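The values are calculated or read from the model by the stated rules, or taken from the named source; none is laboratory data. Please read all numbers here as calculations on a predicted model, not as lab measurements. Neighbour counts are summed over all protein chains in view; Cβ atoms, including those assigned to glycine, are modelled from backbone coordinates with ideal geometry.
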Amino acid sequence: MAGMIGVVGTIGATTAGAEPLRWIIDTDLDGQATLVGEMPVSEESEQEVFPNPGRAVAGTPEGRAYHEYVKALVELRSAEATAMFTTADGSRARFANELAARPDRHDGWKDAERVTAKLVFNWGPYKVIPIAIRMKGDPKEYLWRESLFCTSGCAMSNAFNVLDSSREKFTVMMGSGTTALVNESWQSLGEKAQASDLMNLDDALFFRPQWVAGALSRQYPLIAFPKVHILPGAYYPFFDDAGRSGPDGAARAALDKLETFLSELRTVDLNVAPDGSYAQEALEKVLGSHWRDFKPGRVFRFFERPEEDEPMALAKYAQHPFSNQLSKWDGVHPVAVYESKTGVFLFVYPVIQETLILNMQVLSFERDAEDPAKLALSLAVQRTDAGRLLMSGEMVEYLDPRTESLLASR
């Protein structure tokens, strides 16, 4: 495996000026790594941005641009601050509209006494900087993050104030990485990550800014290295034990739980009346008894391909349409499983009336605290750092070429 932590340009897309922060995101029941993250970071030590920019800040385009922006805000020069935003991702228009709606929106900056940058994360053309602000007469440190759009130079961006699924992956990894650094050194984190034997670029997920077109979005990807077990993919019919074969271990336990849920779900009348009503109380009772942390109104996630040539994306389904979709499943081809200390993610291709549905789906299960071998369908594990990365179109696109041969004979 090439390189040690701190060596520029080894694993991943790090290039001159950015070093890879690598850390373990998730582990299994034995404490072994099951998911490793990598993010390119330009600056790994705290630097003052305002009023006296440190040497590292003053020596970079992003540092100089951000210093001038803070200075403009402190001096209440709103028009100049607006002009410092990029037009490439709609940031300048958003900033101007916010100011027009509330002209005093940024007036609190006049009392800023000191601003420091904690780190500088790179993603595509973006530099994202967690910052700490101290106000005059206030001992408290306020934490925030700023972003800049950098091509030939750097301009301010507020793209990360509007989260979508792509930006969410970035914020998850940035939060996980910075939290890891609170408790452990950069070098120690990297050594443990590399010792996991997961850091193989042939088995990596790449997360890029999906809203930035062309080559720009291919700079500095976020990288995740998951430990995924590819399954044989044999057809697993529900409600029919005769002659079926399937995986064992956690994957089999997950399938058993799914089958029990579907069996009870099929007893609910999911037809919708002309007035839009359905057997809501009965459905919520079934969901509540099988999905840990379910509450009425919770949304479920289901993979869809918006257009034939477009990548898979997660769609949010209300409880009735989601249940209606699953109730039609007669069986599945389980093709992959991810196991961690808290949960299990099972990747399947559904079969409906003997027709294979070529949209991979992911079912999430939570381990019982007392008996980890026992599983329950769960929405909570989808909201963990690992869950937010695994429940992604990138994960499905990663698995598709690795599992398509399993379905060739179907």
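Report yes if some residue within region 311-321 is within 26 Å of residue 387 (Cβ to Cβ), in a helix (DSSP H, G or I), hydrophobic (A, V, I, L, M, F, W, C) and free of Cβ contacts under 8 Å to residues at least 40 places away in the same chain; otherwise report no.
no
Quick check, is residue 246 assigned by TED's automatic domain parsing to the domain that holds residue 342, small (Gly, Ala, Ser) and either closer than 27 Å to residue 350 by Cβ or crowded, with 16+ Cβ neighbours inside 10 Å (or both)?
yes
I'm trying to understand the selection: among the residues of region 94-109, which are under 19 Å from residue 68 (Cβ atoms) and in contact with a Phe, Trp or Tyr (Cβ under 9 Å, 6 or more places away or on another chain)?
Correct list: 95, 96.
Restricting the search to region 294-320, which residues are within 20 Å of residue 260 (Cα to Cα) and surrounded by fewer than 14 Cβ atoms within 10 Å (Cβ to Cβ)?
295, the sole residue that qualifies.
Does region 325-335 include one or more residues that are under 22 Å from residue 207 (Cβ atoms) and either at pLDDT 95 or above or surrounded by 13 or more Cβ atoms within 10 Å (Cβ to Cβ) (or both)?
yes
From the list 362, 351, exactly one residue is surrounded by 22 or more Cβ atoms within 10 Å (Cβ to Cβ) and either out of contact with any Cys (no Cβ under 6 Å at 6 or more places or on another chain) or not in a loop (DSSP other than H, G, I, E, B) (or both). Which is it?
Just one listed residue meets the conditions, 362.
For residue 117, work out the one condition from (1) small (Gly, Ala, Ser); (2) in contact with a Pro (Cβ under 8 Å, 6 or more places away or on another chain); (3) without any contact (Cβ under 8 Å) to a residue 12 or more places away in the chain it doesn't fulfil.
Just one mismatch for residue 117, condition (3).
Within region 119-134, is there a residue that is over 27 Å from the mean Cα position of the chain (by Cα) and polar (S, T, N, Q)?
no
Could you tell me whether region 259-276 includes any residue that is of a type in the set (Phe, Trp, Tyr), in contact with a strand residue (DSSP E or B) (Cβ under 7 Å, 6 or more places away or on another chain), in the same structural domain as residue 321 (by TED's automatic domain parsing) and closer than 30 Å to residue 385 by Cβ?
Looking through region 259-276, at least one residue is of a type in the set (Phe, Trp, Tyr), in contact with a strand residue (DSSP E or B) (Cβ under 7 Å, 6 or more places away or on another chain), in the same structural domain as residue 321 (by TED's automatic domain parsing) and closer than 30 Å to residue 385 by Cβ.
A quick yes/no check of all residues on (1) within 19 Å of residue 392 (Cα to Cα); (2) assigned by TED's automatic domain parsing to the domain that holds residue 391; (3) within 19 Å of the chain's Cα centre (by Cα):
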| residue | (1), (2), (3) |
| --- | --- |
| 172 | yes, no, yes |
| 179 | no, no, yes |
| 190 | no, no, no |
| 197 | no, no, no |
| 201 | yes, no, yes |
| 211 | yes, no, yes |
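If we scan region 83-102, do we find a residue that is surrounded by fewer than 22 Cβ atoms within 10 Å (Cβ to Cβ), assigned to a strand (DSSP E or B) and assigned by TED's automatic domain parsing to the domain that holds residue 58?
Scanning region 83-102 turns up no residue that is surrounded by fewer than 22 Cβ atoms within 10 Å (Cβ to Cβ), assigned to a strand (DSSP E or B) and assigned by TED's automatic domain parsing to the domain that holds residue 58.
Among the residues of region 144-162, write down those that are surrounded by 11 or more Cβ atoms within 10 Å (Cβ to Cβ) and under 24 Å from residue 111 (Cβ atoms).
145, 146, 147, 148, 156, 158, 161
Looking at residue 257, is it more than 23 Å from residue 26 (Cα to Cα), free of Cβ contacts under 8 Å to residues at least 40 places away in the same chain and among the basic types (Lys, Arg)?
No: the conditions fail for residue 257.
Listed residues 126, 142; which is in contact with a helix residue (DSSP H, G or I) (Cβ under 9 Å, 6 or more places away or on another chain) and either in the same structural domain as residue 211 (by TED's automatic domain parsing) or not polar (S, T, N, Q) (or both)?
When all the criteria are applied, what remains is 126.
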